[in-house]
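In what follows, a single structure is set out as structure tokens and then discussed.
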Amino acid sequence: MHYHLVTLTREDRDLLVRNLSRRLSAAEESGRPAALLDAVVPGLTRELAGILAQQAGDAAAPDVVEAISVLAAVHLGRYRLLPQGQDEDDLWACLNWSAVLLPVAPHLVPEPVRAYLAGPADATAAGANDHGAALYAGYQRTGNTWFLETAIARFREAVEATPDGHPDRPRRLSNLGTALRARFERTGQLADLDQAVAAFRDGAAVLTASPGRRVAAARGWGQCALLAGSPQSAVEGYAAAIELLPLAAWHGLDQRTREHHLREWAELASDAAGAAIIAGHPVRAVELLEAGRSVLWTQALHLLATLWNISDAAAPAMAGTTYAHLLHPDPDHPGPADRPEAARAPFALHRAVTRLHQDRPEEPLIWAPYIHLGP
């Protein structure tokens, strides 16, 4: 019975290959694109892909190579014919099957696809990094480890071609670290985590890079070190990230950028504190938690700055109303204090000014200095 099932599956595979091959010929040679755009084609390709997955054997066997090449060609044909926005699934399917085909029969991979997968032979550091990023996206989309392995190789090339003090080095090191972590999550090899920690740590130390890139690298260092069972190293990574946080979100940046950064790193302080607790340093955990939170308060205070003279008599009421709204979205019905959010600060100030204006409408010199005119 088992032998009969395998034989039937192979016959179905061959039937599907012939069917799709005829459709491909009709579209390419007879000028009938409807043969590939027929609504049944996606189902046929999925069925053939499922059979190939069940038969996972020798990818170099002639019948398997033929089936894979037909799948890649059909998906490429559909990608070229479908309107933009409806072609993404076929694009990734084409790249996925072409990556399977490339090591065993590169001559059967369509030229533009082969060039994309191989990348430029003489790529610059930036080119190698960009190619690695595209391949890593392919891994995330398809789960095909060929994309991941090749992405790691390209990221290594980019890092090796980037001088130590180059401002783009942290980004390229972080890309390498991220891909190595992904491979660890796939294989469980601790050596990948150790290399990822080293890559992120080196990226955080590049003084000429933007603070934001360094914060991202330091956070990656902390995350990977914790996964590797090295909480002390994780604390060092998170501490480095928090020390850089004020530079990454300094008040000279526009409000939208600062808010983006602060949302992006909202959990950084709590993650740092958690690592410190795991490492057995509760006092350090509190220090890191408070240091991270203080950045948020500092940003809120910068948003409330004014160049006008303010009334000492009105200032306490303004401060009380502003921070009531900053900590409680509805101060009239306060509950437990929320975590203060920089994005809420302009609205809190606006409500406080409105309250003061209502209380003293005939005294604009009292409430006008608090009107928010900044970004």
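The table for this structure:
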| item | result |
| --- | --- |
| Sole residue being polar (S, T, N, Q) and either in contact with a Phe, Trp or Tyr (Cβ under 6 Å, 6 or more places away or on another chain) or at positive phi (or both), chosen from 144, 175 | 175 |
| Qualifying positions in the stretch 358-370 - closer than 16 Å to residue 320 by Cβ and at pLDDT 70 or above | 358, 359, 360 |
| Any hit, the stretch 123-140, residues being more than 19 Å from the chain's Cα centre (by Cα) and among the hydroxyl-bearing types (Ser, Thr, Tyr) | yes |
| Selection within the stretch 78-90 - in a loop (DSSP other than H, G, I, E, B) and surrounded by 14 or more Cβ atoms within 10 Å (Cβ to Cβ) | 82, 87 |
| Residue list for the stretch 212-231, restricted to those being farther than 23 Å from residue 247 by Cβ and in a helix (DSSP H, G or I) | 226, 227, 231 |
| Residues of the stretch 26-77 that turn out to be in a loop (DSSP other than H, G, I, E, B) and of a type outside the set (Ser, Thr, Tyr), as a count | 14 |
| Residue selected from the stretch 124-183 under the condition outside any helix (DSSP H, G or I) and among the β-branched types (Val, Ile, Thr), by the criterion nearest to residue 209 (Cα to Cα) | 162 |
| Residue within the stretch 120-137 that is at pLDDT below 90 and not aliphatic (A, V, I, L, M) present | yes |
| Every residue from the stretch 153-172 that is within 23 Å of residue 100 (Cβ to Cβ) and either in contact with a Phe, Trp or Tyr (Cβ under 6 Å, 6 or more places away or on another chain) or crowded, with 23+ Cβ neighbours inside 10 Å (or both) | 154, 155 |
| Residues of the stretch 184-211 classified as part of a helix (DSSP H, G or I), touching a residue at least 24 places away in the same chain (Cβ under 8 Å) and surrounded by fewer than 22 Cβ atoms within 10 Å (Cβ to Cβ), total | 6 |
| Verdict on residue 38 being more than 30 Å from the chain's Cα centre (by Cα) and over 18 Å from residue 11 (Cβ atoms) | yes |
| Neighbours by Cβ (under 6 Å, 6+ apart or cross-chain): first from the stretch 104-127, surrounded by fewer than 16 Cβ atoms within 10 Å (Cβ to Cβ); second in a helix (DSSP H, G or I) | 120/127 |
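The values are calculated or read from the model by the stated rules, or taken from the named source; none is laboratory data. All values reported here derive from a predicted model rather than from experimental measurement. Using ideal geometry, Cβ is built from the backbone for each residue, glycine included, and neighbour counts are taken over all protein chains shown.
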